[in-house]
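Enquirer: Below you will find the structure I want to go over with you.
The values are calculated or read from the model by the stated rules, or taken from the named source; none is laboratory data. Small disclaimer: the values here were computed from a predicted structure and weren't measured. We place every Cβ from the backbone using ideal geometry, glycine too, and count neighbours over all the protein chains shown.
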Amino acid sequence: MLIGLLGKANVGKSTFFSAATETAVPIGNYPFTTIEPNIGVTYVRTACACKHFGIPHDIPLCINGVRLVPVKIIDVAGLVPGAHEGKGLGNKFLDDARQAEVLIHVVDIAGTTDIQGQPVPAGTHNPLEDVEFVEGEFDQWFKQILEREWQKLLREITQKTATLIEGITKRFSGLGVKEFLVSEVLKESELVTKKPSEWTDSDILHFVTVLRKKTKPILVAANKADLCKDLSITQKIKNHVVMCSAESELLLRKASKAKLIQYVPGDDHFEIDSQVNTQQKQALDLVKNVMGKIRTTGVQEALNHAVFNVLRFITVFPVEDETKLTNKDGVILPDARLLPAGSSARDLAATIHADLAKGFLFAMDVKTKQRISAEHQLKDGDVIKIVSSMSRG
């Protein structure tokens, strides 16, 4: 699982990354503050299975029944108009973003930065332009990939050395595109019955736009929401959208780390845990005002929304002892796995070890105490024991 973090300069992308990972990276209000991609570990939150069983367990990633599941996040260099033509480190940006399964586009919803990322008075830039330009850059990049060998593909189809679906899949293999997905997109774009030789420029653009939406879905993190005068603008964004204040989240993470407050990322409140000085109290009061406006800081909500709503992943808890809910070391509910909706028990086994999947015999649904088959479709929150003829190696 890899989440990509997109956005032009000076919108709070690096602050979002630092807040999500609690890792210090360069933060500045100038283009290309982030040159090399920063890859870190963040967490999505879900209900721990310990709540279902009503049992206590002592692991750092379960906080009062809230389970934190690790995912990787990549923050890549700032994007500028014309990136698909190689402008402003664009090729590197797109290549780094290619690795991600879902993209979070951090947008300055308060309109305090122009299209190039330069500071402007609040509300003088339309953030909807940023949403459109980032999607446009990705669509044009996809279009270039297909157009680069379009004539060659047409010859392959004519010579019957490849079908349209096979040819397109081959061109997008670097993005992990599969044949069934190309087939779906052809149907959705209503091009399945049209001869490829008759495709127009707009047909190609329409096809790659639908393909991009499926392979690189985008969630908009409407950052600086606390500074936005009219948040109704978010209703005009067609993507998934979450209102954020990355600066507020970063402050809360630092205060929590310093044991000044009690705060679980994603909560809509925090408790002051010890004496704080006047300056700290003022800063925390500001964050309370932000939460009063947008409910949470939005950073954790954006991460969760990207994984659970956009990608539609589920969380499954594998155990080795179905009675004690432990692994071989006696740790209760030691692991939580993120899987695409529709995953099977065998799919879960494969994420643990290839040999478990290879020698799969059956699995046990610990909650229902029923034996399930390799192809049994798992549900969110399932606790599963895998029985295999092969060891984990």
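Enquirer: Of the residues that make up the stretch 301-316, is at least one among the aliphatic types (A, V, I, L, M) and farther than 20 Å from V241 by Cβ? Walk me through it before giving the result.
Expert: We begin by selecting, within the stretch 301-316, every residue among the aliphatic types (A, V, I, L, M); these are 302-303, 306-307, 310-311, 314, 316.
Narrowing further to those that are farther than 20 Å from V241 by Cβ: 314, 316.
Checked the stretch 301-316: at least one residue is among the aliphatic types (A, V, I, L, M) and farther than 20 Å from V241 by Cβ.
Enquirer: Given the options A345, A357, A341, name the one that is loosely packed, with under 14 Cβ neighbours inside 10 Å, under 22 Å from D382 (Cβ atoms) and aliphatic (A, V, I, L, M).
Expert: After applying the criteria, what remains is A341.
Enquirer: Since V241 meets every condition but one in (1) β-branched (V, I, T); (2) without any contact (Cβ under 8 Å) to a residue 12 or more places away in the chain; (3) not assigned by TED's automatic domain parsing to the domain that holds I157, which condition does it not meet?
Expert: (2)
Enquirer: Within the stretch 296-393, considering only strands (runs of 3 or more DSSP E) that don't extend past its boundaries, which have at least 3 residues that are touching a strand residue (DSSP E or B) at 6+ places or on another chain (Cβ under 8 Å) and either free of Cβ contacts under 8 Å to residues at least 12 places away in the same chain or under 19 Å from C48 (Cβ atoms) (or both)?
Expert: Details: elements: 313-319, 337-340, 360-365, 370-372, 383-388.
Where strands (runs of 3 or more DSSP E) fall fully within the stretch 296-393 and carry at least 3 residues being touching a strand residue (DSSP E or B) at 6+ places or on another chain (Cβ under 8 Å) and either free of Cβ contacts under 8 Å to residues at least 12 places away in the same chain or under 19 Å from C48 (Cβ atoms) (or both), they are 313-319, 337-340, 383-388.
Enquirer: Can you tell me which residues in the stretch 316-362 are under 15 Å from V44 (Cβ atoms) and touching a Leu at 6+ places or on another chain (Cβ under 6 Å)?
Expert: Within the stretch 316-362, V316, F317 qualify.
Enquirer: Could I ask something else about it? Looking at the stretch 200-219, can you tell me whether even one residue there is buried (at least 17 other Cβ atoms within 10 Å of the Cβ), in a strand (DSSP E or B) and of a type in the set (V, I, T)?
Expert: The answer is yes; a qualifying residue exists.
Enquirer: Tell me, which residue of the stretch 220-277 that is of a type in the set (G, A, S) and closer than 16 Å to G123 by Cα is surrounded by the fewest Cβ atoms within 10 Å (Cβ to Cβ)?
Expert: Looking only at the stretch 220-277, we keep the residues that are of a type in the set (G, A, S), and these are 221-222, 225, 232, 245-246, 248, 255-256, 258, 266, 274.
Going one step further and asking which of them are closer than 16 Å to G123 by Cα, we end up with 222, 225, 232.
Values: A222: 26, A225: 24, S232: 7.
Of everything passing the filter in the stretch 220-277, S232 is surrounded by the fewest Cβ atoms within 10 Å (Cβ to Cβ).
Enquirer: Which of the residues spanning the stretch 168-185 are exposed (fewer than 14 other Cβ atoms within 10 Å of the Cβ) and touching a residue at least 40 places away in the same chain (Cβ under 8 Å)?
Expert: If the condition is that a residue be exposed (fewer than 14 other Cβ atoms within 10 Å of the Cβ) and touching a residue at least 40 places away in the same chain (Cβ under 8 Å), then G174 is the only one that fits.
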